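Student: To start, I am sharing the structure in question, which I have written as structure tokens.
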Amino acid sequence: MYSRPGRSTPSRRAALVGLCTAATLVWLAFSDLGVALPTIATELSVNLTDMQRANNALSIACGTLLLAGGRLTDLYGHRRMLLLGLLIFGVATLATAFTPNLAGLVAGRAMMGVGSALILPASLAMIPALFDRARQPSAFAAWAATTWAGQAVGPAIGGGLTTLLGWRSLFWLTAPVVLVVYVITSRYAPKASRRRGRVDLVGLATGAGAALCLLFALTESQQVGFNDPLIIVLFAATPVLGAAFVFIETKAADPLVDLRLFRTRSFTAALIVNLAMSMSFAGTLFVLSLYLQDVRGYTAFVAGLLLIPAAGTILGFNTVGARLVTRHNARSPSLWGLVLVGLGGFAISALLPSLSVLAVILGLLIIGAGLGLLSVPVADTDVGGPPASLAGAASGAYRSSSMLGGALGVVLLTTATTRFGRAEAAPVSTAAGLTEAESNQVVNALTNSQTASAILDKLPANERSLVVGVYNQAFTDGVSTALILGGVIAVAGTVLAGWIWPRTHKARHTTNPGP
């Protein structure tokens, strides 16, 4: 299907630059809108709850369609699907830049998610087509380094652009970059012939339905609570649709996801590592961002800058992970990397009360080392290991585990933060004159928000100051507890993946096996 070169030529290096840039654009789109939410809410005259839905539209659409994007990549070729994804993503960003209302913003973000669902699996799965097996770890390292860097600096870039040029610049400045990547991809990316097969529509409906129910329930539950009837129905529908998807895929002649992938224990174990890492890191980053802004009082831009140190150790240990997987195996750096992610969470939790911001920076440096160590081995195992004909499906499953893990981690750690904070602050706030409902509302809204201010302003100045101080301390304690949960998730993932992943010291193959 592809002609696989024996060495990295200038044209293939240029194609790799295009792939890395495309993936980075997606992760910037995921991360840079959050810091602009208050500004957008003011201009469009909507509340922050509506803006949160607009922010989540991209991740819901992308997470729902990633498996389909992987299958389409296998059927129609990486180059064709990457170009289509870039076209959709670019048009959507340009249209969103000129939207006059919330509906246009939500629709634009959703269409960006559709383009992302094609870009992510296609860009990652094209690496096995560009490089032989021995050179793939270096290519995966470049892909991982740029995407992690984009994710790490996204909040700072978003905050800076919003301050200097307005929030619409987050979208219209992206369009010319997409155009450049489109030209690079069309010129240098290898062509692929169309494979025989079809898209399993029933599998797509059940698989996408399960992902949609889970992601929508996870995001909306943060606003309406877990006891909302719709949320309960969505959570109940998720395992039903998931079980139906697995059953259908075992019977389908042309499955959306070839379940043979999961017969390889290393593939399954690497997915578990990726899932646990995404849960722990995404949740940790989210609650720390809230802590820096709400408790410490930093602006979104400064909070974004304080979260960047992780990028340094990610980039530094990225090359270490690539070297280890080439010379030894993927198992050890993957497991030890996940251990470091957990240790970083434990370190922040233990040091936060005494060291505050310094604890955040030190812990993120440890977490970044773990992320850098495991990124290449996990990607190399899940995408480079399977046959080239299944690279799209494998990369779709790999990115889906990242998306679902991130959503789960944010909900779990945020819930832990607010629940523990609520329990600690409730007695003081009710004694000061707030009702139980108002106390819970302040915890969920954060003390610096308009909603919380409207409630706290009812109190006398001295009582208000006391209650805010108690809430800040309670929130800090809640974050510390949540970070322990994040560390436990990482350690549990290490134990489970280590039990499944076979020990091997076999030499690497220089080519992918046939289907």
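Student: From the residues in the range 277-317 that are more than 18 Å from Ile348 (Cα to Cα) and not hydroxyl-bearing (Ser, Thr, Tyr), which one is farthest from the chain's Cα centre (by Cα)?
Tutor: Only one residue fits best here, namely Gly297.
Student: Just checking, which of Leu358, Leu351, Leu364 is more than 28 Å from Pro255 (Cβ to Cβ), within 17 Å of the chain's Cα centre (by Cα) and hydrophobic (A, V, I, L, M, F, W, C)? I'd like the intermediate steps shown before the answer.
Tutor: Values: Leu358 fails: within 17 Å of the chain's Cα centre (by Cα); Leu351 fails: within 17 Å of the chain's Cα centre (by Cα).
None of the others qualify; the one that does is Leu364.
Every residue, every condition in (1) touching an Asp or Glu at 6+ places or on another chain (Cβ under 6 Å); (2) of a type in the set (Lys, Arg); (3) modelled with pLDDT of 75 or more; (4) closer than 18 Å to Leu72 by Cβ, yes or no:
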position	(1), (2), (3), (4)
Phe98	no, no, yes, no
Leu102	yes, no, yes, no
Leu105	no, no, yes, no
Gly113	no, no, yes, yes
Ala134	no, no, no, no
Gly154	yes, no, no, no
Gly159	no, no, no, no
Thr162	no, no, yes, no
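Student: For the range 314-341, give me each residue that is closer than 18 Å to Arg135 by Cβ, among the aliphatic types (A, V, I, L, M) and either outside any helix (DSSP H, G or I) or open to solvent by less than 30 Å² (accessible area, probe 1.4 Å) (or both).
Tutor: Passing the criteria: Ala322, Val325, Ala330.
Student: Please go through the range 226-245 and give me each residue that is assigned to a helix (DSSP H, G or I) and surrounded by fewer than 17 Cβ atoms within 10 Å (Cβ to Cβ), ordered by number. Walk me through it before giving the result.
Tutor: Residues of the range 226-245 that are assigned to a helix (DSSP H, G or I), as a first pass: 229-245.
If the condition is that a residue be assigned to a helix (DSSP H, G or I) and surrounded by fewer than 17 Cβ atoms within 10 Å (Cβ to Cβ), then Pro229, Leu230, Ile232, Val233, Phe235, Ala236, Ala237, Pro239, Val240, Ala243 are the ones that fit.
Student: Still on this structure, I have one more. Name every residue in the range 455-483 that is under 18 Å from Ile348 (Cβ atoms), open to solvent by 20 Å² or more (accessible area, probe 1.4 Å) and either modelled with pLDDT of 95 or more or hydroxyl-bearing (Ser, Thr, Tyr) (or both), in order of residue number.
Tutor: Within the range 455-483, just Thr481 meets the criteria.
Student: Here is a follow-up. Could you pull out the residue among Gly392, Gly421, Gly385 that is modelled with pLDDT under 80, closer than 12 Å to Phe267 by Cβ and not basic (Lys, Arg)?
Tutor: Working: Gly392 fails: closer than 12 Å to Phe267 by Cβ; Gly421 fails: closer than 12 Å to Phe267 by Cβ.
Checking each option against the conditions leaves just Gly385.
Student: Return the total of residues in the range 182-195 being of a type in the set (Gly, Ala, Ser), at pLDDT 70 or above and surrounded by 18 or more Cβ atoms within 10 Å (Cβ to Cβ). Before the answer, list the steps.
Tutor: Taking the range 182-195 as the starting set, the residues that turn out to be of a type in the set (Gly, Ala, Ser) are 186, 189, 192-193.
Checking the rest, the ones that are also at pLDDT 70 or above come to 186, 189.
Filter once more, keeping what is surrounded by 18 or more Cβ atoms within 10 Å (Cβ to Cβ): 189.
Counting residues in the range 182-195 that are of a type in the set (Gly, Ala, Ser), at pLDDT 70 or above and surrounded by 18 or more Cβ atoms within 10 Å (Cβ to Cβ) gives 1.
Student: Let me ask another. Take the conditions in contact (Cβ under 8 Å) with a residue 24 or more places away in the chain, open to solvent by less than 20 Å² (accessible area, probe 1.4 Å) and more than 30 Å from Leu324 (Cβ to Cβ) and apply them to Gly113. Does it pass?
Tutor: Working: in contact (Cβ under 8 Å) with a residue 24 or more places away in the chain: yes; open to solvent by less than 20 Å² (accessible area, probe 1.4 Å): yes; more than 30 Å from Leu324 (Cβ to Cβ): yes.
So Gly113 passes the test.
Student: Moving on. Going residue by residue through the range 129-136, is there one that turns out to be under 22 Å from Asp254 (Cβ atoms) and in contact (Cβ under 8 Å) with a residue 60 or more places away in the chain? Explain how you work it out, then say what you get.
Tutor: Within the range 129-136, the first condition is being under 22 Å from Asp254 (Cβ atoms), and the residues that meet it are 129.
Checking the rest, the ones that are also in contact (Cβ under 8 Å) with a residue 60 or more places away in the chain come to 129.
Yes, the range 129-136 contains a residue that is under 22 Å from Asp254 (Cβ atoms) and in contact (Cβ under 8 Å) with a residue 60 or more places away in the chain.
Student: A further question on this structure: When only residues in the range 196-212 that are outside any helix (DSSP H, G or I) and open to solvent by 70 Å² or more (accessible area, probe 1.4 Å) count, which is modelled with the lowest pLDDT?
Tutor: Top of the filtered list is Arg196.
Student: Evaluate the range 167-177: report whether one residue or more is touching a Cys at 6+ places or on another chain (Cβ under 8 Å), outside any loop (DSSP other than H, G, I, E, B) and hydrophobic (A, V, I, L, M, F, W, C). Before the answer, list the steps.
Tutor: Narrowing the range 167-177 to residues touching a Cys at 6+ places or on another chain (Cβ under 8 Å): none.
No: the range 167-177 contains no residue that is touching a Cys at 6+ places or on another chain (Cβ under 8 Å), outside any loop (DSSP other than H, G, I, E, B) and hydrophobic (A, V, I, L, M, F, W, C).
Student: Out of Leu83, Leu75, Leu87, report the one residue that is surrounded by fewer than 24 Cβ atoms within 10 Å (Cβ to Cβ) and within 21 Å of Gly385 (Cβ to Cβ). Step through it out loud before you land on a result.
Tutor: Numbers: Leu83 fails: within 21 Å of Gly385 (Cβ to Cβ); Leu87 fails: within 21 Å of Gly385 (Cβ to Cβ).
Going through Leu83, Leu75, Leu87 in turn, the sole match is Leu75.
The values are calculated or read from the model by the stated rules, or taken from the named source; none is laboratory data. In this text the structure is predicted, and so the values were computed from the model without any measurement. Backbone-built Cβ (ideal geometry, glycine too); neighbour counts: all protein chains shown. Calculation scope for accessible area: heavy atoms of the full protein, side chains included, ligands and nucleic acids excluded. Shrake-Rupley method; radii C 1.70, N 1.55, O 1.52, S 1.80 Å.
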